[in-house]
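So the structure is just underneath, and the comments pick up after that.
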Amino acid sequence: MTTQTLTKLLLSPFDLSGLPLKNRAIMAALTRGRAGQERIPNALMAEYYAQRASVGAIVSEATTISKQANGWLNSPGIYSEEQMQAWKQVVNAVQAKGTPFFLQLWHPGRASHSSFQEQGQLPVSASAVRLTGSYTHTPIGKQPYETPRALETNEIPLIVEDYRSSAQRAREAGFDGV
């Protein structure tokens, strides 16, 4: 195939299981950190995503599913009614350009830090194994990764529920998928 043929194919419409895409280019998730300390989507985010809506579809930045899942400065959340309502302006800006928009749900597990957690608790993970690497960016500056607390078996349904309820809020905000 020639480059011209491949370019034509890339820029041709595509049916994604009944969801029409105007081309086959997909914007992958990128961490933006523009939602502020309250993790509420805003007009700057709507403008950012709308500016990129010439692609076939967009996958949002990592969006936290609970307070326990916070682990990146100013990342958006979707665990509250206020956050869900605020996402609507972003979704509407993207979809007004004819572009499907998917939400990336996120729980960073051991990549979080106690400074993101209520009462300074350790982040949770599947096991008490520290993330390799030198440091993470936190609300109190660069900090070394910590050894997380191993999630208890009886806590797993709580995180599953956080994902479920966040997916429901994404649907209510108008996202095309998660």
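Before moving on, here are some points about what is shown:
- Charged-residue dipole, Cβ positions (Lys, Arg, Asp, Glu), the chain about Cα centre, Debye nearest 20: 600
- Rounded to whole Å, sorted largest first: equivalent-ellipsoid semi-axes of the range 10-72, Cα gyration tensor: 27, 13, 9
- Converting phi to 3J(HN,Hα) with the Karplus coefficients 6.51, -1.76 and 1.60 and the offset θ = phi - 60°, the range 154-165 yields 6, 8, 4, x, 5, 6, 4, 5, 4, 5, 4, 5 Hz in sequence order, with x at every glycine or proline.
- The amide H of Leu16, built 1.01 Å from its N in the peptide plane, has Leu21 as neighbours under 5 Å, considering only residues 5 or more places off or on other chains.
- Calculated Cα extents along the principal axes in Å (choose from (i) 44, 32, 31; (ii) 61, 31, 29; (iii) 53, 38, 32), label: (iii)
- Note on the range 113-178: dipole from Cβ charges, positive end direction compared against Ser125, Ser166, Ile156; the farthest Cα belongs to Ser125.
- Size of electric dipole in the range 41-117: Cβ of Lys, Arg +1 and of Asp, Glu -1, about Cα centre, debye, nearest 20: 140
- Here is the list for the range 143-178: GluC sites (Glu not before Pro) lying in DSSP coil, each with at most 13 other C-beta atoms within 10 angstrom of its C-beta, are Glu152.
- When the chymotrypsin sites (Phe, Trp or Tyr not before Pro) in the range 102-146 are filtered for DSSP coil states and for at most 15 other beta-carbon atoms within 10 Å of their beta-carbon, the remaining sites are Tyr135.
- Taken over the chain, lysine pairs spaced eight or more positions apart, or on distinct chains, with alpha carbons under 27 Å apart number 7.
Just so you know, all these numbers are worked out from the coordinates, no wet-lab data involved. Just so we're clear, the structure is a prediction, and the values are computed from it rather than from any experiment. Positions of Cβ are backbone-derived with ideal geometry, glycine not excepted, and every protein chain shown enters the neighbour counts.
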